[in-house]
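Here is the structure we will look at.
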Amino acid sequence: MVAGVAGRPIAHSLSPLLHNAWIEGAGLDAVYAPFSPRQAGFSAFVEGFRGGVIRGLNVTLPFKEEALSLADQRSPLAEAAGAANLLLFHEDGRIEARNTDGEGLLYAFARQAPRLDLRAAPLVIIGAGGAARGAVAALSALGITDIRVVNRTYKRASQLAASFLGVSAWGDGQAGAAFEDAGVVINATSAEVSGGELNYDFTSMAPNAVAMDMLYRPLKTRFLKAAEARGLGTVDGLDMLIGQAMPSFQAFFELAPPPAIDARALLLAAMEAR
Ligand code: ATR
């Protein structure tokens, strides 16, 4: 049995390490491989797998939106997120798109902030790109009714907010008001990847508020350090990676990842070694 992950670049992906450890732990006769299709060749690459040569693919940047558009069948969450991180190749030729990033997000909160009730207070998401849309889709599907999207470019925030009920848009200049009484703030920007910095003031947030960063390299981002210095609880992005991989593995091989494998320790060791 073959499964894999497609992205460009892909060499840095931790998914093969994780899935192959689960495959070995479960005693499966299977392999999970990394693929890096040409930028313009993703569609032909996916079409080539139609019919079940491969069980499925995780999809990462920059192909998540295209993956959704290529599928014959789309889960409601993938549709709402506007992107798929999982393609399943059925034997009858159908290609099914799902999005398990939202499950990953919820898993990260469950692991690292187990007492937090995500529905108890307004929730702030910083960013309005693909990562932010995925988070809004997942949290909105949970029934959270006050989600505040804060973005450097207000227009993108308002475009994102317009697709969902109960989601409002805020520019950077209004961030102070958006943070008021919020219980959670999630960084879904790529600011730190490109060497930028986010300077938000968390002081108006609710007591016991929690900050989450969807990035996991480094594990403790500058955003999380700033939040921690303000007394907020923190949730890093590594468990989100694990939490999106778990339902993917289940979908590929029809069994849950073996619980005896400490996925977080495995990934932390690999990150240290690289
Ligand atoms: P992704 O699909 O990873 O979300 P994206 O669509 O390029 O990537 O979105 C990147 C997000 O990070 C956007 O919200 C972007 O803000 P703008 O819409 O104003 O561009 C945000 N971002 C990137 N660099 C940033 C920086 N230095 N400061 C603030 N926000 C930044």
Selection count, the range 181-201, where residues are surrounded by 13 or more Cβ atoms within 10 Å (Cβ to Cβ), more than 16 Å from the ligand (Cβ to nearest atom) and not small (G, A, S): 1
Residue check for G51: in contact with a His (Cβ under 9 Å, 6 or more places away or on another chain), over 19 Å from A137 (Cα atoms) and surrounded by fewer than 20 Cβ atoms within 10 Å (Cβ to Cβ): yes
Residue that is crowded, with 18+ Cβ neighbours inside 10 Å and under 22 Å from the mean Cα position of the chain (by Cα), where the choices are L87, L61: L87
Single unsatisfied condition, A226 versus (1) away from the ligand (no atom under 16 Å from the Cβ); (2) not in a loop (DSSP other than H, G, I, E, B): (1)
Boolean, A84 is among the hydrophobic types (A, V, I, L, M, F, W, C) and in contact with a Lys or Arg (Cβ under 8 Å, 6 or more places away or on another chain): yes
Among the candidates T234, T203, residue that is over 30 Å from L88 (Cα atoms), of a type in the set (S, T, Y) and assigned to a strand (DSSP E or B): T234
Number of the condition not met by V185 [criteria: (1) part of a strand (DSSP E or B); (2) without any contact (Cβ under 8 Å) to a residue 12 or more places away in the chain]: (2)
Failed item, numbered, when A26 is tested on (1) crowded, with 21+ Cβ neighbours inside 10 Å; (2) farther than 23 Å from M214 by Cβ; (3) in contact with a Pro (Cβ under 6 Å, 6 or more places away or on another chain); (4) of a type outside the set (S, T, Y): (1)
Any chance F249 is in contact with a Lys or Arg (Cβ under 9 Å, 6 or more places away or on another chain) and aromatic (F, W, Y): no
Qualifying position, being within 13 Å of the ligand (Cβ to nearest atom), free of Cβ contacts under 8 Å to residues at least 60 places away in the same chain and either crowded, with 23+ Cβ neighbours inside 10 Å or under 26 Å from Y107 (Cα atoms) (or both), among V136, V167: V136
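Read the figures in this text as sums done on the coordinates, not as results from a lab. As the structure is a prediction and not an experimental result, all values here were calculated from the model. In this analysis, Cβ positions are derived from the backbone assuming ideal geometry, glycine residues included, and neighbour counts consider all displayed protein chains.
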